[in-house]
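Engineer: Below are the structure tokens for one structure; questions will follow.
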Amino acid sequence: MNALDGNAIAGSLLDVFGAEMTTATGVCGSCGTSAPVAEFEVYLRAPGAVARCRSCRSVLMVLVTIRGLTCVDLRGLAALGLAPTSGG
Amino acid sequence: MARAALLGRLTWQLANVVELVEETARVRSIVLDPPAWPGHRAGQHVDVRLTAEDGYQAQRSYSIASAPEDGYLMLTVERLEDGEVSPYLADELRPGDELELRGPVGGYFVWEESLGGPLLLVAGGSGVVPLRAMLCHHRAVESIVPVRLLYSARSLEEVVYRDELMRMAAADQIDIRFTLTREQPEGWQGYGRRIDRELLDEVSWPPGEHPLVYVCGPTGFVEATANALVELGHEPARIRTERFGPTGG
């Protein structure tokens, strides 16, 4: 399956968080790698969107939207911080 | 930005299709006139949503091809044969139709003059779309940041924005190089092979000049290019990537 990246879920994340999130930095809860959300490995063909760590492949985020309601699972992330200059 | 503040959260809106431009046999541009557009930055996207008569919805993210300074919003879409959304956009949509979209979204794969350069843009196929927005923005603000575009396509017929890019290349600050990986016309002066370490080494500024690099294309293309740039000594933090693929259909 062809993985995309966090840019592909910018709209869904903006919808959920009310802020531009692709420039935010996420820290993997499994291996500790820190990366911009835009660099996460993203799969859209699951039921919903699954974001994985590019280093260890652990699941970092899951977003599933059903009938206008979005469920967000961030348990794979140790931290998620907005960049100091998160434009857009 | 007062208007954006009034809109608040990201909202869906219906945009009128003003014009359609056939770019290549598989790619076309859609010129839109959204009623409430807060403005965008070069490299951002919109989400497009199609709703079937039975209520089924399919949503995809598309790069914005137009510059922030253009008075319209343009998307450029490649038809993916087994896609759910792109065949409709590339074949069925007509001027006067309405398209549901929201945006702009994304803040990572964005270039504006304050970010400086030198700027290296690397495109694989229709990955040139957000890079076109950056080039048009560069021209619109008369930037003096040196910029190079390295564009890989299968053949000359598959080069999107071909005439426009040729015209842009006439500007002193803009250097455009093509590589045609499958088929080269007779007397072709450009490159004729896949982008690899050697080609990037030849085209890019040396790592010591700290170029700011944007790579957009299919997933495999982006990974190979970004890895080769890092091997050449370019700073990973100065390489921004955006991948698209069949899931974008």
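Engineer: Quick check on B:Arg193: is it in contact with a strand residue (DSSP E or B) (Cβ under 7 Å, 6 or more places away or on another chain) and surrounded by fewer than 17 Cβ atoms within 10 Å (Cβ to Cβ)?
Structural biologist: When the stated conditions are applied, B:Arg193 passes them.
Engineer: Would you confirm, using the coordinates I've provided, whether B:Val128 is modelled with pLDDT of 95 or more, assigned to a helix (DSSP H, G or I) and not assigned by TED's automatic domain parsing to the domain that holds B:Val31? Write out each step before concluding.
Structural biologist: Values: modelled with pLDDT of 95 or more: yes; assigned to a helix (DSSP H, G or I): yes; not assigned by TED's automatic domain parsing to the domain that holds B:Val31: yes.
It is true that B:Val128 is modelled with pLDDT of 95 or more, assigned to a helix (DSSP H, G or I) and not assigned by TED's automatic domain parsing to the domain that holds B:Val31.
Engineer: Here is a further query. Enumerate the pairs (first residue in the range A:40-59 and farther than 17 Å from A:Gly11 by Cβ and at pLDDT 95 or above; second residue anywhere and of a type in the set (Ser, Thr, Tyr) and not in a strand (DSSP E or B)) with beta-carbon separation below 6 Å, excluding pairs fewer than 6 apart on the same chain, so at least 6 apart or on different chains.
Structural biologist: Within 6 Å, the pairs are A:Cys53/A:Thr33; A:Ser55/A:Thr33; A:Cys56/A:Ser30; A:Ser58/A:Ser30.
Engineer: How many of the residues in the range B:13-41 are more than 10 Å from chain A (Cβ to nearest Cβ), in a loop (DSSP other than H, G, I, E, B) and closer than 25 Å to B:Gly107 by Cα?
Structural biologist: At the first step, the residues of the range B:13-41 found to be more than 10 Å from chain A (Cβ to nearest Cβ) are B:13-39.
So of that shortlist, the ones also in a loop (DSSP other than H, G, I, E, B) come out as B:23-26, B:34-39.
Now restrict to residues that are closer than 25 Å to B:Gly107 by Cα: B:34-39.
Count: 6.
Engineer: Hey, does the range B:89-106 have a residue that's within 18 Å of the chain's Cα centre (by Cα), assigned to a loop (DSSP other than H, G, I, E, B) and not polar (S, T, N, Q)?
Structural biologist: yes
Engineer: Let me ask you something else. Condition first: under 25 Å from A:Leu13 (Cβ atoms) and of a type in the set (Gly, Ala, Ser). Now tell me which residues in the range B:7-54 satisfy that.
Structural biologist: Step one: of the range B:7-54, the residues under 25 Å from A:Leu13 (Cβ atoms) are B:7-15, B:30, B:32, B:34-51.
Of everything in the range B:7-54, those that are under 25 Å from A:Leu13 (Cβ atoms) and of a type in the set (Gly, Ala, Ser) turn out to be B:Gly8, B:Ala15, B:Ala36, B:Gly39, B:Ala42, B:Gly43.
Engineer: Here is a check on your reading of the model: is A:Gly81 of a type in the set (Gly, Ala, Ser) and within 11 Å of chain B (Cβ to nearest Cβ)?
Structural biologist: Working: of a type in the set (Gly, Ala, Ser): yes; within 11 Å of chain B (Cβ to nearest Cβ): no.
No.
Engineer: Here is a list: B:Val129, B:Val85. Which entry is aliphatic (A, V, I, L, M), surrounded by 23 or more Cβ atoms within 10 Å (Cβ to Cβ) and in contact (Cβ under 8 Å) with a residue 12 or more places away in the chain?
Structural biologist: Details: B:Val85 fails: surrounded by 23 or more Cβ atoms within 10 Å (Cβ to Cβ).
B:Val129 is the lone residue from the list that is aliphatic (A, V, I, L, M), surrounded by 23 or more Cβ atoms within 10 Å (Cβ to Cβ) and in contact (Cβ under 8 Å) with a residue 12 or more places away in the chain.
Engineer: Would you pick out the residues in the range A:42-58 that are surrounded by 15 or more Cβ atoms within 10 Å (Cβ to Cβ) and either among the aromatic types (Phe, Trp, Tyr) or at the interface with chain B (Cβ under 9 Å from one of its Cβ atoms) (or both)?
Structural biologist: Across the range A:42-58, the qualifying residues are A:Val42, A:Tyr43, A:Leu44.
Engineer: Please enumerate the residues belonging to the range B:42-79 that are in a loop (DSSP other than H, G, I, E, B) and free of Cβ contacts under 8 Å to residues at least 24 places away in the same chain.
Structural biologist: First, pick out the residues of the range B:42-79 that are in a loop (DSSP other than H, G, I, E, B): B:42-44, B:52-56, B:65-72, B:79.
Within the range B:42-79, B:Ala52, B:Glu53, B:Asp54, B:Gly55, B:Tyr56, B:Gly71 meet the criteria.
Engineer: Which numbered condition trips up A:Leu44, out of (1) over 21 Å from B:Asn227 (Cα atoms); (2) out of contact with any helix residue (DSSP H, G or I) (no Cβ under 8 Å at 6 or more places or on another chain)?
Structural biologist: Condition (2) is where A:Leu44 drops out.
Engineer: Next question. I'd like the full set of residues that are in contact (Cβ under 8 Å) with a residue 60 or more places away in the chain and among the acidic types (Asp, Glu), limited to the range B:153-188.
Structural biologist: The answer is B:Glu157, B:Glu158.
Engineer: Of the conditions (1) at negative phi; (2) at pLDDT 95 or above; (3) of a type outside the set (Asp, Glu); (4) out of contact with any helix residue (DSSP H, G or I) (no Cβ under 8 Å at 6 or more places or on another chain), B:Gly96 fails just one. Which one is it?
Structural biologist: The one condition B:Gly96 does not meet is (1).
Engineer: Could you tell me whether A:Ala24 is over 24 Å from B:Leu101 (Cβ atoms) and of a type in the set (Gly, Ala, Ser)? Walk me through how you get there before you give the answer.
Structural biologist: Values: over 24 Å from B:Leu101 (Cβ atoms): no; of a type in the set (Gly, Ala, Ser): yes.
Against the criterion (over 24 Å from B:Leu101 (Cβ atoms) and of a type in the set (Gly, Ala, Ser)), A:Ala24 does not qualify.
Engineer: Residues in the range A:1-37 that are within 11 Å of chain B (Cβ to nearest Cβ) and under 20 Å from A:Cys71 (Cα atoms): how many?
Structural biologist: So the count comes out to 20.
Engineer: Among (1) surrounded by fewer than 20 Cβ atoms within 10 Å (Cβ to Cβ); (2) in the same structural domain as B:Leu14 (by TED's automatic domain parsing), which single condition is B:Met74 missing?
Structural biologist: Of (1) surrounded by fewer than 20 Cβ atoms within 10 Å (Cβ to Cβ); (2) in the same structural domain as B:Leu14 (by TED's automatic domain parsing), only one is false for B:Met74: (1).
Engineer: Could I ask something else about it? Looking at the structure I just gave you, is B:Ala15 within 16 Å of the chain's Cα centre (by Cα), surrounded by 20 or more Cβ atoms within 10 Å (Cβ to Cβ) and among the small types (Gly, Ala, Ser)?
Structural biologist: On the way: within 16 Å of the chain's Cα centre (by Cα): no; surrounded by 20 or more Cβ atoms within 10 Å (Cβ to Cβ): yes; among the small types (Gly, Ala, Ser): yes.
Here the answer is no, as B:Ala15 does not meet what is asked.
The values are calculated or read from the model by the stated rules, or taken from the named source; none is laboratory data. Everything numeric in this text was worked out from a predicted model, so none of it was measured. All Cβ positions, even for glycine, are placed from backbone atoms using ideal geometry, and neighbour counts span all protein chains on display.
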